[in-house]
Amino acid sequence: TQQIFVGHAALSDLNNKTHRHAEKMARATLAMAGVDQQASETTVFIKDWSATIGKNSHTLKTRTADFAFDLRLQPAKPPVLHGQGGYSRKGSTAERASCYYSLTRLKTKGMLKIDGKRIAVEGLSWMDHEYSTASLEAGIVGWDWFSLQLSDQTELMLYLLKDQNGLVNPASSGTFIDQSGGARHLTREDFKVTATDQWKSPRSGAVYPVAWRLKIAPLAIDLNVVANLNNQEMITTASTGVIYWEGSVSASGTAAQQSVKADGYVELTGYAEAL
């Protein structure tokens, strides 16, 4: 058998109120895609797209018809292991789980090219790595996943596994990361997420939430989260064929009785069709 590599790249252009994405798929043959493992770093590539992961930095390179970027990322915090030591339950039985870790705050600098213009950029990034041999539990059709970088130098990850009626599976959970990088596991009982606005895609007809009230009682966190651009739908007909929504969000509210703001990312699956 031969491995198949799939890559998706997206850019939410908030200035022009547009969302651009590109996708590639290639087999690990004839140097079209693969993994180059060296002593100090690992590079995963699909043609001229690549992610190089070293001990102290990551480098991302992508070139598409609409945009390109070349970014260098340096972790400002240690890796976070989600769930129980990196073992993240995704269902009612032990095998319904994934190995899951994140780098939740990476200082980022580099170049973005859009509409023929090269722009020097800098900011913060988030890296997620989750892998598993198990499929979703029967009855689960998708998930809502949130990642937020708060202005008080903490971070928050939450996922809600949902069935066809929109009910949240008890295995849904999250992680709160404090200023020093310490992680606190959050169970389904610790948080409440309520959609407060929605948007209907003119392409797929799917109706997605685009604003939320997020409350975590044990941490006294209360946030209003809003999509920075409603149309951030991904229709990946050239690769996986999955239709989903993922993109940039902003938040404001309180944490431990202090005012905070946040930048983040939300992924929504199972709205156009069961994943």
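The values are calculated or read from the model by the stated rules, or taken from the named source; none is laboratory data. None of the values given here were measured: they were computed from a predicted structure. A quick note on method: Cβ atoms are made from the backbone with ideal geometry, for glycine too, and the neighbour counts reach across all protein chains shown. The area values use the complete protein model at the heavy-atom level, side chains included, leaving out ligands, DNA and RNA. Shrake-Rupley method; radii C 1.70, N 1.55, O 1.52, S 1.80 Å.
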Is the range 64-71 home to any residue that is over 30 Å from LEU161 (Cα atoms), among the hydroxyl-bearing types (Ser, Thr, Tyr) and in contact (Cβ under 8 Å) with a residue 40 or more places away in the chain? yes
Open to solvent by 10 Å² or more (accessible area, probe 1.4 Å) and out of contact with any Gly (no Cβ under 9 Å at 6 or more places or on another chain): does that describe ALA206? no
Can you give me the number of residues within the range 23-45 that are surrounded by 19 or more Cβ atoms within 10 Å (Cβ to Cβ) and of a type in the set (A, V, I, L, M, F, W, C)? 3
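Any residue that is touching a His at 6+ places or on another chain (Cβ under 6 Å) and closer than 30 Å to THR187 by Cα - is there at least one of those in the range 61-77? Lay out the reasoning, then the answer.
Applying the first criterion (touching a His at 6+ places or on another chain (Cβ under 6 Å)) to the range 61-77 yields 73.
Okay, now just the ones that are also closer than 30 Å to THR187 by Cα, so none.
The answer is no; no qualifying residue exists.
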Report, by residue number, each residue of the range 73-100 that is buried (at least 16 other Cβ atoms within 10 Å of the Cβ) and not in a loop (DSSP other than H, G, I, E, B). LEU73, PRO75, VAL80, LEU81, SER88, ARG89, ALA97, SER98, CYS99, TYR100
Expected output for the range 22-41 (first residue free of Cβ contacts under 8 Å to residues at least 40 places away in the same chain, partner loosely packed, with under 11 Cβ neighbours inside 10 Å and outside any strand (DSSP E or B), Cβ below 7 Å, 6+ apart or cross-chain) is ARG27/GLN2; ALA28/GLN2; THR29/GLN2; SER40/LYS55
ALA138 fails exactly one of (1) over 28 Å from ALA22 (Cα atoms); (2) without any contact (Cβ under 8 Å) to a residue 60 or more places away in the chain; (3) open to solvent by less than 60 Å² (accessible area, probe 1.4 Å); (4) not in a strand (DSSP E or B), namely (3)
Expected single match for surrounded by fewer than 16 Cβ atoms within 10 Å (Cβ to Cβ) and in contact (Cβ under 8 Å) with a residue 24 or more places away in the chain among LEU167, LEU124, LEU160 is LEU124
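Might you check whether a residue that is more than 22 Å from ARG105 (Cβ to Cβ) and touching a strand residue (DSSP E or B) at 6+ places or on another chain (Cβ under 6 Å) occurs anywhere in the range 245-265? Explain how you work it out, then say what you get.
Taking the range 245-265 first, the residues more than 22 Å from ARG105 (Cβ to Cβ) are 245, 257.
Next cut, touching a strand residue (DSSP E or B) at 6+ places or on another chain (Cβ under 6 Å) only: 245.
There is at least one residue in the range 245-265 that is more than 22 Å from ARG105 (Cβ to Cβ) and touching a strand residue (DSSP E or B) at 6+ places or on another chain (Cβ under 6 Å).
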Please name all residue pairs, on different chains or six or more residues apart, with Cβ atoms under 7 Å, provided the first residue is in the range 96-114 and is charged (D, E, K, R) and the second residue is outside any strand (DSSP E or B). ARG96/LYS90; ARG96/ALA134; ARG96/GLU137; ARG105/ALA76; ARG105/LYS77; LYS107/ALA76
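Across the range 26-85, what is the number of residues that are under 18 Å from ALA10 (Cβ atoms) and among the acidic types (Asp, Glu)?
Residues meeting the conditions: 3.
Scan the range 52-67 for residues that are open to solvent by 80 Å² or more (accessible area, probe 1.4 Å) and of a type in the set (A, V, I, L, M, F, W, C) and jot them down. Outline the logic, then answer.
Going through the range 52-67, the residues open to solvent by 80 Å² or more (accessible area, probe 1.4 Å) turn out to be 55-56, 61, 63, 65-66.
Within the range 52-67, just ALA65 meets the criteria.
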